[in-house]
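To keep things clear, I will list the structure first and then write my remarks on it.
Every read-out reported here was derived from the displayed coordinates using simple, explicitly stated rules and does not represent laboratory data. All values derive from a computational prediction rather than experimental measurement. A quick note on method: Cβ atoms are made from the backbone with ideal geometry, for glycine too, and the neighbour counts reach across all protein chains shown.
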């Protein structure tokens, strides 16, 4: 039987994390291990985890916040290096339905029976109000006679997609072996797009209609600096601007890069005209960073220390964590 690890990245959302872990623990197909990567939370996340009695729970507390990109990169490499055949990755605000994992595995079986390769499998995500969210783009590549091939497996509730997010994504070991890890240097916003574009260049991923999760996002809708009011989140938009230009250079037609650059310059001017100088400076900073930004993906066997962090590990291998206690390994030194 395949070895499947669920991996959850968390940062200062212990209540949502608890709900997420309860959803994972209640799966009809149990996971062989549950890994939590705590991105240096300061809200009592670790204390909550140490009291949560879940079998096979493994907690990796990073010494600093590496951003979503670094946290997901850490989670993928930890599970890969533990021998996982499949890694079921999600953020801490994702609540899977009890059969979400089994439905992904059913989809795998359907594809394997038809000798149809895949780079990842993705759950269908809904908001708390039942609206679709995090909808991936349909892969419109054509079949041998020139027609778009995406309807080929509709009868099984499978649609080829690229790119996608980490909202309940099942990644086979082979994809990581061939294409490496998410790029930690991206910090946040766009790392999931880059990673899923990279691993699906030759083989599509598939959206699985019957695998459902609820995504309780703190900010609904697409990323838009106009709607931001939190100064800390506004400052993070430089990563978004930089990363989207990096992705355009790497995966799209060359014409997309100057068009995207001009559109972001227009955004700077619009923000200045609206008197939102901080937002304008943030977007412009991202544009400046973009031209020098060209990181490379690390191989899946790269050590966690390569992220520039120390890691404290807490394990509960086959039994639940005793309340208030944990078996702590020695921290990994950088």
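A quarter of the convex hull surface defined by the alpha-carbon atoms of segment 1-113 gives 6.9 nm² as the mean projection. Comparing 250, 184, 125 in a Gaussian network model of the chain (Cα springs below 10 Å), the most mobile by mean-square fluctuation is 250.
Dividing the convex hull volume of the alpha carbon atoms of segment 76-224 by its residue count gives 130 Å³ per residue. For the chain, the ratio of Cα radius of gyration to the globular rule of thumb 2.2 N^0.38 Å stands at 1.00.
As a length-normalised measure over Cα pairs under 8 Å and 6 or more apart, the relative contact order of segment 225-290 settles at 45 percent. For the chain, the relative contact order comes to 24 percent (Cα pairs under 8 Å, sequence separation of at least 6). If you sort the three axes of the alpha carbon gyration tensor as a ≥ b ≥ c, you get a/c of 1.5 or more for segment 187-270 and a/b no higher than b/c, which makes it oblate.
Of the Cα atoms belonging to segment 225-290, the radius of gyration and Dmax stand at 11.8, 35 Å. In the chain, helices alone account for a calculated mean residue ellipticity at 222 nm of -11000 deg cm²/dmol, with every DSSP H run of four or more residues adding -39,500 (n - 2.57).
Beta bridges assigned by DSSP with both partners in the chain are antiparallel in approximately 50 percent of cases.
Placing dummy labels 7 Å off each Cα toward the beta-carbon, the span from residue 113 to residue 155 is 1.1 nm. When the chain is treated as a GNM with alpha-carbon contacts under 10 Å, the residue of 61, 296, 22 showing the greatest mean-square fluctuation is 296.
Using every pair of distinct Cα positions in segment 71-132, the Kirkwood expression returns a hydrodynamic radius of 13.6 angstrom. Stretched out straight at 0.36 nm per residue, the stretch from residue 273 to residue 145 would grow longer than its current Cα-Cα span by 41.0 nm. Return the Rg/Rh value of segment 139-290, two decimal places, where both radii are evaluated on C-alpha atoms and Rh is the Kirkwood radius. Rounded to two decimals, Rg over Rh is 1.02.
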